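Comments concern the structure below.
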Amino acid sequence: MVTAHIGADHRTLTLVWPDGQTAAYPAIFLRDNCPSGFHPQTLEREFDLTSVPLDIQIASAGVEGRELVIRWATEDLVSRFSQDWLEAHKPGQRFTDPASVRPKLWRSDLTKQDLPRASARDLLANDEALFDFLVGAKTTGLAIVDGMANDADAGMSIARRIGFLRETNFGVTFEVMSKPDPNNLAYTSHALPLHTDLPNQELAPGYQFLHCLANDAEGGGSTFADGFAIAADLAQSDLDAFDLLANTPVPFRFQDGDYDIRKHHTVIQLDNGGTVSEVRFNAHIASVFDMPAEQMDAYYRAYRTIMAMTRDPAYVMTTRLDAGEMVIFDNRRALHGRAAFDPSTGFRHLRGCYVDRGEFDSRIRVLSRRLKTALAA
Ligand code: OGA
Ligand code: ZN
């Protein structure tokens, strides 16, 4: 059984579990999270932190069954916490998140056959298949859906099963084909070197969906690379270059008749823990560097080093999409590209859309919750 011990100043509570684990909970933290302060339906906090003193004191604490019962020194309130909640919210410990998966890095030895894969039919009809696929796609940052209907909206139907679509200046969906009067290199038949889409946006789109409707032209093969693997290897081989890419914001810009969308970003983004959380690499919309002249040589050296890595066969997975396949990748991690194609030899048409990481993760969590409930029933 858990035992509860109030600190001498009545401002912390220490719990000791039978296996010897302990956790110390500040009184203000417990008061802020008292279940009575949350709306029972929306689960949102209604409690006003300024309504209690910061040095709020615990009068008594006792264990009743699976609950911890706290009485407060200056308030006529009984707070009841479940032991499960207390265990899940030990201070200093991130509470479990089904969407928190460790990325599995890959290099050129990964083949299309190795990728997480599911059929469109399973993803549309089966929550378990969708959950497994999303976790796999997040782990690898790249996955394939096959058996797609020969219908331009089929990709959107799968994407919408995951979350709402991220609209951009190219639309809710975009047609990747050789077009007259293109406003994007993707809409030509030219080769596209490995890149991530739209780092010129304040937040680059998260997951990208590219449904291959036709790939009959000569050329037009696909390339992919794991930006996290490239960044990890760069940190090992050239820490100076890694640091410059992680700490120097550079401008990205897209412009056409209707838009001029610009943002400074670092090529490598670190999260608060110093882990690489995003890679932005797109030489075609990198704008004119604007750092002081005396920093340029060093930055160009770093930038050219990572660019050379995106050309290095050690990192580039080369494949070809077939009609009826859709590739899904984390556009803030995986780089994608294509070989030039000859439109006079056949038709090539991909249709794309995006779902941001937040919605993708939310779907993983909700499916995880539903599948657990279904299992327990
Ligand atoms: C794009 C793109 C790849 C392809 O549309 O952003 O990179 O295979 N397309 O055409
Ligand atoms: Zn692209």
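The values are calculated or read from the model by the stated rules, or taken from the named source; none is laboratory data. Note that the structure is a prediction, hence the values are computed from the model and not measured. Cβ sites come from the backbone with ideal geometry, for glycine too, and all protein chains shown count toward neighbours.
Identify the single condition in (1) more than 10 Å from ligand 1 (Cβ to nearest atom); (2) more than 17 Å from His284 (Cα to Cα); (3) surrounded by fewer than 22 Cβ atoms within 10 Å (Cβ to Cβ) that Phe174 does not satisfy, given that it satisfies every other one.
(1)
Note down all Cβ pairs under 6 Å where the first residue falls in the range 319-348 and is on the phi > 0 side of the Ramachandran plot, the second is crowded, with 16+ Cβ neighbours inside 10 Å, and they're at least six residues apart or on different chains.
Gly324/Met148; Gly346/Ala217
Answer with yes or no whether Ser189 is surrounded by 17 or more Cβ atoms within 10 Å (Cβ to Cβ), more than 18 Å from the chain's Cα centre (by Cα) and small (Gly, Ala, Ser).
When the stated conditions are applied, Ser189 passes them.
Which one of these is more than 16 Å from ligand 2 (Cβ to nearest atom) and surrounded by 16 or more Cβ atoms within 10 Å (Cβ to Cβ): Gly163, Gly220?
Gly163
Checking the condition among the aliphatic types (A, V, I, L, M), more than 28 Å from Ile261 (Cα to Cα) and either at pLDDT below 95 or surrounded by fewer than 15 Cβ atoms within 10 Å (Cβ to Cβ) (or both), which residue from Ala118, Ala125, Ala154, Ala143 passes?
Testing whether each residue is among the aliphatic types (A, V, I, L, M), more than 28 Å from Ile261 (Cα to Cα) and either at pLDDT below 95 or surrounded by fewer than 15 Cβ atoms within 10 Å (Cβ to Cβ) (or both) leaves just Ala125.
Need pairs with beta-carbon distance below 8 Å; first residue touching a residue at least 24 places away in the same chain (Cβ under 8 Å) and outside any loop (DSSP other than H, G, I, E, B) and within the range 72-83, second small (Gly, Ala, Ser) and surrounded by 13 or more Cβ atoms within 10 Å (Cβ to Cβ); sequence gap 6+ or separate chains.
Trp72/Ser79
Look through Pro193, Pro182, Pro205 and report the one residue that is within 16 Å of ligand 2 (Cβ to nearest atom), without any contact (Cβ under 8 Å) to a residue 12 or more places away in the chain, assigned by TED's automatic domain parsing to the domain that holds Arg280 and outside any helix (DSSP H, G or I). Steps first, please.
Values: Pro193 fails: without any contact (Cβ under 8 Å) to a residue 12 or more places away in the chain; Pro205 fails: without any contact (Cβ under 8 Å) to a residue 12 or more places away in the chain.
Residue meeting the stated conditions: Pro182.
I'd like the residue in the range 258-306 that is surrounded by 14 or more Cβ atoms within 10 Å (Cβ to Cβ) and of a type in the set (Lys, Arg) and, out of all such residues, is nearest to ligand 1 (Cβ to nearest atom).
Arg280
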